Structures are given as C-alpha cells and as structure tokens.
Amino acid sequence: MRCRVLAFLHTAYFDDVQTAKPAVPPPGLELVAADPSGEIRGILDIAIEGETATIDTIAVHPDHRSRGIGRALLQEATVHLFELRVGALEAWTRDDPATLRWYRSNGFAETNHYLHVYADYYSDPAEPDRAIAERRAGLRPIKAFLHATLDEEAAIRERFARVHVCRRFTQDLRG
C-alpha cells in the first residue's frame, strides 16, 4: 500500500487511497518488484477476463522511478499473458503527461476516452448543485463523481474545477 500511495500522490489519482490491497481474482496477475532487503519498489496487478487483460494498478515508488522497474514488470506480465492466450492488454488512466508517455513508449495505443468530473462543495459550494438535476429533501450534495463525453469538455471545464480526461490504452498481444 505504501508504494501505491506514494506513487499516486503526485498524479491525477492522488485521492485513490485504499486501506487494503484490492484482491485480484484468478487467473489475474500480481507482480512485485523488490530490492534485496524486501522493500517494495514497484507493483503491477492485472485482471483477466477472457482474452482481455486490464492493468488495475501499476505503481513505482517515487524514489525508484526512471530505472525501468515499470517496464520490467510489464515485460514479465506479457510473458504470462501470452502463456494464458490473452490477446489484448488494456489500461485506463488519466491525463498525467509522464504516464501517457510511458504507455505510448511501451507499445500501447489510445483507444477510448471520456471525462472524469468531480463536483466538490469544498472547491466551490455550487458545484454539486450544478452536477445534479434535482435535490432530494433532507440531502445536501457535497461531492459527486461523474462521467461526460469529450464533446462537452469546454463547457464542463467552465463549470467544474477538477476535470480529467480518462483514457483507455490498449496493447495487442497477438504479435
């Protein structure tokens, strides 16, 4: 968890904090890169459903970035995915330039995208009301997490402070 939290801290996923490692059901992959003392330097969790695999988590501890750890984890995973006859590996990520470069440099192509929109009372008290059609009696919206299409991006960015482009990257594993 420490590696994941520290790795995500300076990304658009800074608030994706969990108190326990999410389970990866079989036949999924859970790979860890550790130094000789056992300190975790990187993690890669991949869910597999049929012929498609999805990266659930890839994280490299900030003290060990740009050393090929993420690439090595990905290479090890693709060996296992090939053995399992998985045809495609996909990953969803947001608009962090370094992350986008990493996926592209590792053979992924962007295949889909949409907006993640956060309506947060503490950023702007009017945001949650702008995000919902109608209030329910006795309930006051504080936060809302929404999806929107890219054709609405300009209008959405005018109305909400935190908007991210969520992108699906896909790598064909069939060669």
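The values are calculated or read from the model by the stated rules, or taken from the named source; none is laboratory data. Keep in mind that this is a model prediction, so the values were computed, not measured. Cβ sites come from the backbone with ideal geometry, for glycine too, and all protein chains shown count toward neighbours. Note: accessible area is taken over every heavy atom of the protein model, side chains too, but ligands, DNA and RNA are not part of it. Shrake-Rupley method; radii C 1.70, N 1.55, O 1.52, S 1.80 Å.
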What pairs can you find where one residue is in segment 45-63 and touching a residue at least 12 places away in the same chain (Cβ under 8 Å), the other is of a type in the set (F, W, Y), and their Cβ atoms are less than 7 Å apart, with a gap of 6+ or different chains? A59/F8
Pick out, from segment 80-175, the strands (runs of 3 or more DSSP E) lying fully within it that include 1 or more residues that are open to solvent by less than 60 Å² (accessible area, probe 1.4 Å), in contact with a Ser or Thr (Cβ under 7 Å, 6 or more places away or on another chain) and modelled with pLDDT of 95 or more. 88-93, 109-120, 162-172
Exactly one of L146, L115, L89, L84 is within 17 Å of the chain's Cα centre (by Cα) and closer than 20 Å to D45 by Cβ, and that one is L89
Which residues, counting only those in segment 62-79, are of a type in the set (S, T, Y) and assigned to a helix (DSSP H, G or I)? T78
Segment 1-35: number of residues that are β-branched (V, I, T) and either under 13 Å from the mean Cα position of the chain (by Cα) or open to solvent by less than 30 Å² (accessible area, probe 1.4 Å) (or both): 4
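Conditions tested, residue by residue: (1) more than 25 Å from G28 (Cα to Cα); (2) touching a residue at least 60 places away in the same chain (Cβ under 8 Å).
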position: D95; (1), (2): yes, yes
position: L100; (1), (2): no, yes
position: E153; (1), (2): yes, no
position: R162; (1), (2): yes, no
position: Q171; (1), (2): no, yes
Report those strands (runs of 3 or more DSSP E) wholly inside segment 1-61 carrying at least 1 residues which are touching a Pro at 6+ places or on another chain (Cβ under 9 Å). 40-49, 52-60
Take the residues in segment 36-66 that are acidic (D, E) and touching a strand residue (DSSP E or B) at 6+ places or on another chain (Cβ under 6 Å), then tell me which one is most open to solvent (accessible area, probe 1.4 Å). D56
Failed condition for T54, given (1) closer than 22 Å to T170 by Cβ; (2) over 19 Å from the mean Cα position of the chain (by Cα); (3) among the hydroxyl-bearing types (S, T, Y): (2)
